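Heads up: the structure comes next, in structure tokens.
The values are calculated or read from the model by the stated rules, or taken from the named source; none is laboratory data. Treat the numbers as computed from the prediction; the structure is a model and nothing was measured. Note: ideal-geometry Cβ built from the backbone for every residue, glycine included; neighbour counts use all protein chains shown. With ligands, DNA and RNA removed, areas are computed over all heavy atoms of the protein, side chains included. Shrake-Rupley method; radii C 1.70, N 1.55, O 1.52, S 1.80 Å.
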Amino acid sequence: MKKILFVCIENSNRSQMAEAFANVLGRGTVQVYSAGSVPSGRVNPKAMSYMKELGYDLSSNQSKSLDEIKQFSPFDAVVTMGCGDACPWMPAKKFIDWDIPDPKNMNENDFRRVRDLIKEKLKELAASM
């Protein structure tokens, strides 16, 4: 079973959505984690709402720090969402940066576009693993 870590700065939007998509799309084949370099302490209500539109429930998810997740390392892949230097190194075989904009302050349509981009990137990642 492969282990994947999704990282963004706050672990409240992008990495939470990626974790949710990966848990469903990779069910039974991957262990999925997400974390933030500076976690916000909560999942953004907009992320919960727009993921719920697609049938994903983020209500029990929590914003986590990299320190909370490092016990599960090493990972097969660490996927950063475009946070650059703000995302510290974690032990992994492969590092991928998706360079996805933070949707936190975006309007509804742009937030949905980011959500859908993450889903498409996950499909590509699944096919490559």
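The phi torsions of the range 100-117, fed into the Karplus equation with coefficients 6.51, -1.76 and 1.60 and a -60° offset, translate into couplings of 9, x, 6, x, 2, 9, 7, 6, 4, 5, 5, 4, 4, 5, 5, 4, 5, 5 Hz, rounded to whole numbers, with Gly and Pro shown as x.
On alpha carbon coordinates alone, what is the Rg over Rh value for the range 1-58, Rh being the Kirkwood radius?
Looking at the range 1-58, the ratio lands at 0.98.
Using a probe of 1.4 angstrom and keeping all protein chains present, the accessible surface of the chain works out to 52 square angstrom per residue. Taking the protein heavy atoms of the range 1-79 in the context of the full set of protein chains, the accessible area attributed to carbon and sulfur is 49 percent at 1.4 Å. A simple count of charges around Glu108, restricted to other residues whose Cβ falls under 14 Å of its Cβ and scoring Lys, Arg +1 and Asp, Glu -1, yields +3.
When each of the peptides 6-16, 107-117 is scored by how many other beta carbons lie within 10 Å of its residues on average, the order from highest to lowest is 6-16, 107-117. Helical content alone sets the calculated 222 nm signal of the chain at -10500 deg cm²/dmol, taking -39,500 (n - 2.57) per DSSP H segment of four or more residues and averaging over every residue.
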